[in-house]
Structures are given as structure tokens and as C-alpha cells.
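What follows is a single structure, written as C-alpha cells, with notes after it.
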Amino acid sequence: MILFKQVEPLQQVLDKFRQEGRSIGFVPTMGALHQGHLSLLEAAREENDTVICSIFVNPTQFNDPSDFEKYPITLEKDIELLIQSNTNLLFLPYVSEIYPNGTSNLPSYAIGFLETILEGKYRPGHFQGVCQVMHRLLEIVKADILYMGQKDYQQCMVVKRLLELTRIPTHLHTCPTLRETDGLAMSSRNTRLSPIQRAQAVTISQVLKEISKNLQPGLTSSLLQTAEQKLENAGFKVDYVALANADNLELLDRWDGQQPVVTLAAAYLGEVRLIDNMLIHSGK
Ligand code: AMP
């Protein structure tokens with residue numbers, strides 16, 4: 001694996017690979033790698049000649065400064081895992097490589113409705129930050145296929161929109177969420193949970209599973225209220241539990257029995273904010 005901290009030498013190598021006809025699969029991350037990240041790298045490995053991973057804790061997407069400061073960093077272990085997974089290139093940029101003109105006058109992106117609901121509503125500015133970093137990374141890497149996790153469902157939709165807005169010809173491949181054996185979605189932030197919080201954390205996937213199982217055509221509010229109550233009983237402070245149209249993320253207070261549905265939740269255990277979602281197949 002070759003490690004790059006600067007854009008120029010990375011682009012020289014990528015250009016050479018492209019001239020040789022090698023396809024490029026790209027997995028952007030914020031590090032503190034776990035099995036979920038590795039599953040994206042595996043998917044990229046299967047479908048491309050070259051796999052590139054980036055590790056960059058993007059300051060512009062953190063609306064909460066303490067979340068940014070406490071974001072876990074495990075670089076040595078990450079590098080070991082990347083070598084084991086046969087990653088070819090690691091991009092570990094300095095902030096100045098991503099934002100050469102600083103972070104104060106960055107462009108804003110017309111992502112519209114997606115920015116006003118769920119993560120967009122509870123984390124103001126977050127998706128602008130995601131677009132800023134992803135636009136820059138996509139322009140640097142010029143990948144054939146970009147691999148992202150369904151764990152961040154709304155983020156995938158935002159990046160899809162970004163690809164349309166910028167007309168960058170990279171194809172987005174969304175990969176399934178990897179879970180711990182008890183069902184908790186793997187996340188770098190899980191390492192910040194105390195043992196007691198870790199035991200409670202599983203409730204978030206349990207309530208989403210219950211919603212998936214119990215959803216019937218008609219009003220959805222009592223199902224969502226029960227879920228919220230269960231989370232509160234387990235010690236969570238809830239931002240939202242929601243049902244939405246899986247194709248466009250329009251919130252559903254009534255399900256017609258036909259629409260493709262995703263159920264999503266975000267809630268805090270202490271200072272740690274967890275998110276999860278599950279797709280509900282109407283054919284159940
Ligand atoms: P992050 O490092 O949290 O920014 O995540 C980098 C990529 O890994 C994103 O595309 C995430 O959606 C994806 N990811 C995070 N957790 C999981 C998981 N449990 N299963 C699959 N993909 C994941």
C-alpha cells in the first residue's frame with residue numbers, strides 16, 4: 001500500500017493507473033476503521049483493479065465541536081487493517097490539501113429538501129460539509145465507483161444528488177450495514193460508549209426491527225411513539241424516529257402499503273449520538 005498526504009503525487013499515480021486501463025474503486029472514511037468499513041473495501045476490491053481509501057476527519061461536517069474533538073483516531077491500527085485488506089492506496093490528507101483556501105468561503109450546494117429533514121434538520125450545516133469534502137475528494141480521485149454505507153442512508157442520497165449537481169461521472173455503490181452480533185450497527189462512535197451504554201445501545205436496532213415487523217398500512221404515529229418511548233426508557237435522548245419513502249426520503253405519517261419504506265432513528269446515549277436505519281420491503 002502506498003500512503004499519500006498530498007494531492008499532487010497521488011494524482012500522478014492515479015493518472016498512471018488510469019492510462020494503464022485500471023479501474024479505480026474509492027472508499028472515503030473518517031478512520032477508526034471497523035468491519036463495516038472493511039466490507040466497503042472488500043466490495044471495491046471485488047469490482048476494481050485499484051482500491052483507494054481516504055481517511056480524513058472533515059472539520060466542516062461537524063456541527064458539534066466536541067464531537068469533532070472526541071472523534072476516535074486509531075491510525076496505526078487502520079493502516080494495518082488496510083494492508084490486510086489489500087488496499088492499494090491510502091490518502092491521508094492534511095486539511096490544507098483538501099481546503100487550500102481555508103474553510104470560510106467554501107461553496108454551498110443546492111441539496112434542497114434533503115437538508116431540511118432528519119440529519120439535515122438536527123445537524124445544521126452537516127450535509128454542506130459532507131458535500132464540500134466529497135466534491136473535493138471526488139475531483140481528486142476521479143474514481144470509477146464510489147463505495148458508501150447504507151448506515152448513512154441520507155448521506156448516500158445527498159452524495160447521489162451531489163454527483164448529479166456536479167456531473168462527476170463516478171458511480172455510487174451503496175453497501176449494506178454491518179452489525180455487531182446483538183444487532184447494533186457498527187460505528188466508529190461505538191468505541192466512545194461505556195460498557196453500560198454499549199449494552200443499552202442495541203435498543204436502537206431493536207426498535208427499528210419492531211417497526212419493520214409491525215408496520216401496517218394506515219397511520220404510523222403510534223408505532224413511532226412506542227419506539228421513541230422504548231428508546232427513552234433505555235436511557236436515550238431521541239432526536240427522531242421516523243418512517244420515510246425509501247426513494248426520496250419524504251416523511252410518512254401514513255403508509256399506503258405500497259410505497260418503499262425506510263425507518264430511521266437518531267438518538268444520544270450520553271454525549272454519543274447514534275444513527276441507524278432499516279429498509280422495509282413491502283413484500284415482507
Ligand atoms: P465514516 O468513517 O463513519 O465516515 O464512514 C465511512 C463509510 O463507511 C461511510 O460510507 C459509511 O456509511 C460506511 N459505514 C459506516 N458504518 C458502516 C457499517 N456499519 N456498515 C457498512 N458501512 C458502514
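Rule-based calculations on the coordinates, nothing more; no lab input. Given the structure is predicted, the values throughout are model-derived calculations rather than measurements. Positions of Cβ are generated from backbone atoms using ideal geometry, with glycine treated the same way; all protein chains shown enter the neighbour counts.
Worth a mention:
- Relative to the longest principal axis of the Cα atoms of the chain, the long axis of helix 126-141 lies at roughly 30 degrees.
- Using 0.36 nm per residue and subtracting the Cα-Cα separation, the extra length available between Asp182 and Leu219 on full extension is 10.3 nm.
- The Rg/Rh ratio of the stretch 120-206, with Rg taken over Cα atoms and Rh as the Kirkwood radius over Cα pairs, comes to 1.05.
- Kirkwood hydrodynamic radius (C-alpha pairs) into Stokes-Einstein, the stretch 244-284, 25 °C and 0.890 mPa s, D in µm²/s: 216
- Loop-located GluC sites (Glu not before Pro) in the stretch 1-70 (DSSP state not H, G, I, E or B) with no more than 11 neighbouring Cβ atoms inside 10 Å: Glu20.
- Principal axis dimensions, the stretch 19-140 - Cα atoms, whole angstrom, descending: 39, 34, 29
- Extension gain, Ser96-Glu164: 0.36 nm per intervening residue step, less the Cα-Cα distance, totals 21.8 nm.
- Angle between the chain longest axis and helix 203-214 axis [Cα atoms, degrees, rounded to 10]: 60
- Converting the Cα gyration tensor eigenvalues of the stretch 1-70 into ellipsoid dimensions via √(5λ) gives semi-axes, longest first, of 26, 16, 9 Å.
- For Leu178, the amide hydrogen comes within under 5 Å of the amide hydrogens of Met186, counting only partners 5 or more places away or on other chains and with H modelled in the peptide plane.
- Other residues within the sphere of radius under 13 Å centred on the Cβ of Gly270, judged by their own Cβ, net out at +4 (K and R +1, D and E -1).
- For the chain, a Kirkwood hydrodynamic radius built from all Cα pairs, placed in the Stokes-Einstein relation at 4 °C and 1.567 mPa s, yields a translational diffusion coefficient of 65 µm²/s.
- For Val241, net neighbour charge (Lys/Arg +1, Asp/Glu -1) across residues whose Cβ lies under 15 Å away: -1
- Order of Ile111, Ile52, Ile2, Ile275 - criterion: other Cβ atoms within 10 Å of each residue's Cβ, fewest first: Ile2, Ile111, Ile275, Ile52
- Extension gain (nm, one decimal) between Gln229 and Asp64, 0.36 nm per residue minus Cα-Cα: 56.9 nm
- Label zone at Lys77, where the point sits 7 Å out along the Cα-to-Cβ direction: the stretch 19-34 residues whose backbone N lies under 14 Å: 31-34
- Neighbour net charge for Pro169 - beta-carbon separation under 10 angstrom, K R +1, D E -1: +1
- CD proxy at 222 nm, helix term only [per DSSP H run n ≥ 4: -39500 (n - 2.57); per residue of the chain; nearest 500]: -11500 deg cm²/dmol
- Where trypsin sites (Lys or Arg not before Pro) fall in DSSP loop in the stretch 137-230, at most 14 other Cβ within 10 Å: Arg167
- Viscosity 0.692 mPa s, temperature 37 °C, Stokes-Einstein D of the stretch 188-284 from Kirkwood C-alpha radius, µm²/s: 240
- Considering only the chain, percent of DSSP beta bridges that pair antiparallel, nearest 5: 50
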